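S.K.: Once you've had a glance at the structure underneath, I'll fire off some questions.
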Amino acid sequence: MKKALLTGVTGQDGSYLAEILLKKGYEVHGVIRRASTFNTSRIDHIYQDPHVEHKNFILHYGDLSDANTVRKLLYEVAPDEFYNLGAQSHVRVSFDIPEYTAEIVGLGALRILEAIKDYEKETKKKVRFYQASSSEMFGATPPPQSENTPFYPRSPYAAAKVFAYHMTRNYREAYGLFAVNGILFNHESPRRGETFVTRKISRGVARIKAGLEKKLYLGNLEAKRDWGYAPEYCEAMWQMLQQEKPEDYVIGTGESHSVEEFVAEAFKVAGLGDWKKYVEFDPRYLRPTEVDDLIADTKKAKEKLKWEATTKFPELVRIMVEADCKAVGATL
Ligand code: NAP
Ligand code: G4F
């Protein structure tokens, strides 16, 4: 039985990846942060009682700021594959807490790479490492963006991801680690955090439909993103670690849509009529520097991984609006 260790298991992607790996027969180990309230809602459905024998989904306390624990878990679990999905992943918030973002997103990845380097040397065992890199790294570089496009980060989050990206490449080249960067464009789902724009919209639309809210407050409606469906992207992460050679891959749909288009489509799915009646501008959601347009050039993923996004924009919006409407009892 193969073993996988995941940081960020309580997040959107971590929860889908854990499900995928369990279905493939892996023993899955996830790192969770201690919190004063339960933070496992996305993985409660796959949680296994620690008192049950032969568990194949095991949770460990840890934090990417804590090199000792990262190292200890690596030696204790002895995974075949290590997926680093943990992050302070909110771009707007990274302007408020830049140092913490760099600590977790940038140095967190380095802590894992250092631990793997030493572990491989001491134990002679290999660990395949996946780094959750981001299309945010392309920032101001015009689309389409491929594996060869230069980075131009526009936020502390993106700058920290660029550091982690380069450390991953450097440890691959310097120490022969099987370390890959998945450069994933925005991917969404009903499990998306409530403060990212797509989920904020689908949730807001559902609450308006249910009569719980009257307005939805948003920032820049002109920004364009290449939005795909998260479970499909998590399958691509796994595929990258099954290749013969460690390489970096761009993952996306190859289409971009504006925030305004997402809003219009979501209100249409809910049958609420003209979205302009409900949406108000609030400057607090603007960023000091914005990323205007992201579109993935996915030629390499199609050719080498045989991976292609199947859920496209209108279907993604429908999935998210329907799930949020169901959650608040709003009938469509
Ligand atoms: P997410 O839902 O925000 O999940 C982030 C995960 O990281 C959560 O489990 C969170 O724990 C954990 N985490 C936060 N701070 C941590 C720390 N100090 N130590 C250990 N774990 C910590 O993010 P996601 O959308 O699943 O994204 C997964 C990864 O892919 C992230 O690295 C993100 O930056 C990257 N990425 C995402 C996208 C996207 O569109 N979703 C695109 C490209 C790259 P809590 O649950 O306790 O908060
Ligand atoms: O949903 P967002 O916050 O996602 P963003 O900034 O693109 O980052 C996400 O995708 C990255 C991949 O490219 C990940 F690496 C990262 O971890 C995260 O998952 O914002 C999308 C766009 C932005 O242009 C923002 O200015 O929506 C615009 N927007 C307009 N109004 C808003 C709002 N964003 C948020 N969060 N909230 C608003 O009210």
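All of the numbers you see were taken from the coordinates with simple rules; none came from a lab. None of the values given here were measured: they were computed from a predicted structure. No Cβ is skipped: glycine too gets one built from the backbone with ideal geometry, and neighbour counts run over all protein chains shown.
S.K.: Using the structure shown, decide if Phe262 is out of contact with any helix residue (DSSP H, G or I) (no Cβ under 9 Å at 6 or more places or on another chain) and farther than 30 Å from Gly176 by Cα. Give the steps one after another, and end with the answer.
M.R.: Details: out of contact with any helix residue (DSSP H, G or I) (no Cβ under 9 Å at 6 or more places or on another chain): no; farther than 30 Å from Gly176 by Cα: yes.
It is false that Phe262 is out of contact with any helix residue (DSSP H, G or I) (no Cβ under 9 Å at 6 or more places or on another chain) and farther than 30 Å from Gly176 by Cα.
S.K.: Now a separate question. So if I check each of Glu280, Glu213, which one is in contact with a helix residue (DSSP H, G or I) (Cβ under 6 Å, 6 or more places away or on another chain) and not hydrophobic (A, V, I, L, M, F, W, C)?
M.R.: Glu213
Each row is one residue, and each column tells you yes or no for (1) at positive phi; (2) in a loop (DSSP other than H, G, I, E, B); (3) within 14 Å of ligand 2 (Cβ to nearest atom).
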{"residue": "Lys214", "(1), (2), (3)": "no, yes, no"}
{"residue": "Trp238", "(1), (2), (3)": "no, no, no"}
{"residue": "Lys245", "(1), (2), (3)": "no, yes, no"}
{"residue": "Val250", "(1), (2), (3)": "no, no, yes"}
{"residue": "Gly271", "(1), (2), (3)": "yes, yes, no"}
{"residue": "Lys276", "(1), (2), (3)": "no, no, no"}
{"residue": "Glu280", "(1), (2), (3)": "no, no, yes"}
{"residue": "Ala301", "(1), (2), (3)": "no, no, no"}
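S.K.: For the stretch 216-236, which residues satisfy the criterion of being within 21 Å of Phe138 (Cα to Cα), in a strand (DSSP E or B) and hydroxyl-bearing (Ser, Thr, Tyr)?
M.R.: Residue satisfying the conditions is Tyr229 alone.
S.K.: Related question: Considering the stretch 177-235 alone, what residues qualify as being under 24 Å from Pro283 (Cα atoms) and of a type in the set (Phe, Trp, Tyr)?
M.R.: Answer for the stretch 177-235, where residues must be under 24 Å from Pro283 (Cα atoms) and of a type in the set (Phe, Trp, Tyr): Phe196, Tyr217, Trp227.
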